[in-house]
Amino acid sequence: MDQIKIGKFIAECRKKKNLTQAQLAEKLNITNRAISKWETGKAMPDSNIMFDLCDILEITVNELLSGEIIDMEQKEEQLNDLIFQMAQNEERYHKRLRHSAYVIIATSLSALICLITLISLLIPECGFQYFLIIVSIILFIIPCIIALKFKVETGYYECKNCQHMFVPNYKEIALLMQTPTRRLLKCTKCGKWTWCEKVLKK
Ligand SMILES: [Zn+2]
């Protein structure tokens, strides 16, 4: 608690009410010196006087203790800002995840192509060559599953029919038709198949 700030605030409120220190002291049944001590930050009003003081100054105890008028509108604005920021962070996180998914798929695909080319160049066509190619393809599938997980976790799809937002399952993400921003999906709410639009936040 900032006693100096509280003191200045008490003085300010008293002056707003057109009261002298003596008049306020009289109303509270205390000495002028006590008021002077509060206003210079040397002492705090006792808790038994605090309510009467707030009553006279028409402020809340909360305002008295924070040394300022608490503006409800300002509070609400701060809260809205906070919510907006949180939504933005979520969107940024989703964008990053999606970007990682593309990087993983592109890297794995290039690696796979290089590997298969090398295998076919260096190893004569035989059972061992096919075996190596199959192993490479399996190795490629693992990062793709990870990338797929990223893609599922990035944002939502909005049903064209009922505007319901939902996250499709892995099977749908992997198998069904899609464009970069839309995907043919069955809505989890209305059950209709539509070209759902990708949205990064609700
Ligand atoms: Zn729907």
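If only the Cβ of Lys and Arg carry +1 and only the Cβ of Asp and Glu carry -1, the dipole of the chain around its Cα centre is close to 760 debye. Helix-only arithmetic for the chain: the sum of -39500 (n - 2.57) across DSSP H runs with n ≥ 4, divided by the residue total, places the mean residue ellipticity at 222 nm at -21500 deg cm²/dmol.
Count the net charge of all other residues whose Cβ sits under 13 Å from the Cβ of Gln3, scoring Lys and Arg as +1 and Asp and Glu as -1. Once all neighbours under 13 Å are counted, the net charge is +2.
Projecting the Cα positions of Ile70, Ser110, Cys190 onto the charge dipole of the range 48-202 (unit charges on Cβ atoms of Lys, Arg, Asp and Glu, taken about the Cα centre) puts Ser110 furthest along the positive direction. Across the accessible surface of the range 1-133, with the other protein chains kept in place and a 1.4 Å probe, carbon and sulfur atoms take up 57 percent. With the simple spin-label model, which puts each label point 7 Å out from Cα in the Cβ direction, the Lys95 to Ile70 separation comes to 3.6 nm. The overall shape of the range 3-66 is rounded: from the C-alpha gyration tensor, with semi-axes ordered a ≥ b ≥ c, the ratio a/c is less than 1.5.
Basic side chains Lys and Arg get +1 at the Cβ, acidic Asp and Glu get -1 at the Cβ, and with that the dipole of the range 71-153 about its Cα centre reaches some 580 debye. Only protein heavy atoms count here; on that basis, with a 1.4 Å probe, Met50 has an accessible area of about 20 Å².
In the context of the full set of protein chains, the chain has a per residue accessible area of 67 Å² (1.4 Å probe).
Pairs with C-alpha atoms separated by more than 29 Å, drawn from the list Lys149/Lys192; Lys149/Lys186; Lys75/Lys149; Lys27/Lys75; Lys15/Lys75, are Lys75/Lys149; Lys27/Lys75. Averaging the Cα positions of each part gives two centres, and for the range 103-168 and the range 4-67 these lie 71 Å apart.
The values are calculated or read from the model by the stated rules, or taken from the named source; none is laboratory data. Treat the numbers as computed from the prediction; the structure is a model and nothing was measured. For neighbour counting, all protein chains shown are included, and Cβ atoms are generated from backbone atoms with ideal geometry for every residue, glycine included. The protein model used for the area step is the full one, side chains on, heavy atoms only, and it has no ligands, DNA or RNA in it. Shrake-Rupley method; radii C 1.70, N 1.55, O 1.52, S 1.80 Å.
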